[in-house]
Amino acid sequence: MYYIGVIGTASCSPEVYRLAEEVGKEVARKSAVLLCGGRGGVMEAASRGASLWGGTVIGILPGTDREDQNPYLTYSIVTGLNDARNAVIARSSHAVIAVCGGYGTLSEIGLALKAGIPVIGLKTWNIKNSHGEKIIQETDQPTKAVAMALQLAQKKWGEI
């Protein structure tokens, strides 16, 4: 079973919320586990989409209690790591889908790329390497983002 990290901004527009919810729904439909930061915005939307479709959702929380977790998590992990929890999310994922996002999302993208974890972008950072080449694959369709993430995860780790 693949673990797909869904990362993004903690507060978002209704349009971005809808995109993230569709990503979560598709992760559940494909029988993958959704891994996220467990709080609001993109994390809540993706969690909601997966949860409503019967999927498993794991939230990696930054604080020392569960009081700020979103209500759609199947499991939550309290870390007390604050932003350092981004490394846990990146390293625990077979692939990552970045939906929109700020600097926290950018750090998760960087950590995933450094670890060789495939990253798919959905209305997120446009990142190029020092040679000017794009280093994350992009799409504007949630279903395609999940399909790409699963394809790249399978290519990297084989059948799980």
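Does I77 count as within 14 Å of the chain's Cα centre (by Cα) and under 21 Å from A20 (Cβ atoms)?
Details: within 14 Å of the chain's Cα centre (by Cα): no; under 21 Å from A20 (Cβ atoms): yes.
Judged against the criteria, I77 is not a match.
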Neighbours by Cβ (under 8 Å, 6+ apart or cross-chain): first from segment 121-144, at positive phi; second in a strand (DSSP E or B) and open to solvent by less than 90 Å² (accessible area, probe 1.4 Å): K123/V99
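Could you tell me whether E159 is open to solvent by 20 Å² or more (accessible area, probe 1.4 Å), of a type outside the set (A, V, I, L, M, F, W, C), assigned to a strand (DSSP E or B) and out of contact with any helix residue (DSSP H, G or I) (no Cβ under 8 Å at 6 or more places or on another chain)? Give the derivation first.
On the way: open to solvent by 20 Å² or more (accessible area, probe 1.4 Å): yes; of a type outside the set (A, V, I, L, M, F, W, C): yes; assigned to a strand (DSSP E or B): no; out of contact with any helix residue (DSSP H, G or I) (no Cβ under 8 Å at 6 or more places or on another chain): yes.
When the stated conditions are applied, E159 does not pass them.
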Selection within segment 122-156 - among the charged types (D, E, K, R) and outside any helix (DSSP H, G or I): K123, K128, E133, K134, E138, D140
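What strands (runs of 3 or more DSSP E) lie completely within segment 1-120 and have 3 or more residues being touching a residue at least 24 places away in the same chain (Cβ under 8 Å) and of a type outside the set (S, T, Y)? Let's see the steps before the verdict.
Values: elements: 3-8, 33-36, 57-61, 75-78, 95-99.
Because the criterion is at least 3 residues that are touching a residue at least 24 places away in the same chain (Cβ under 8 Å) and of a type outside the set (S, T, Y), the strands (runs of 3 or more DSSP E) in segment 1-120 that meet it are 3-8, 33-36, 57-61, 95-99.
The values are calculated or read from the model by the stated rules, or taken from the named source; none is laboratory data. Quick caveat: nothing in here was measured; it's all calculated off a predicted structure. Please note: Cβ atoms are built from the backbone with ideal geometry, for glycine as well, and neighbour counts cover all protein chains shown. Please note that ligands, DNA and RNA were not included when accessible areas were found on the heavy atoms of the full protein model with its side chains. Shrake-Rupley method; radii C 1.70, N 1.55, O 1.52, S 1.80 Å.
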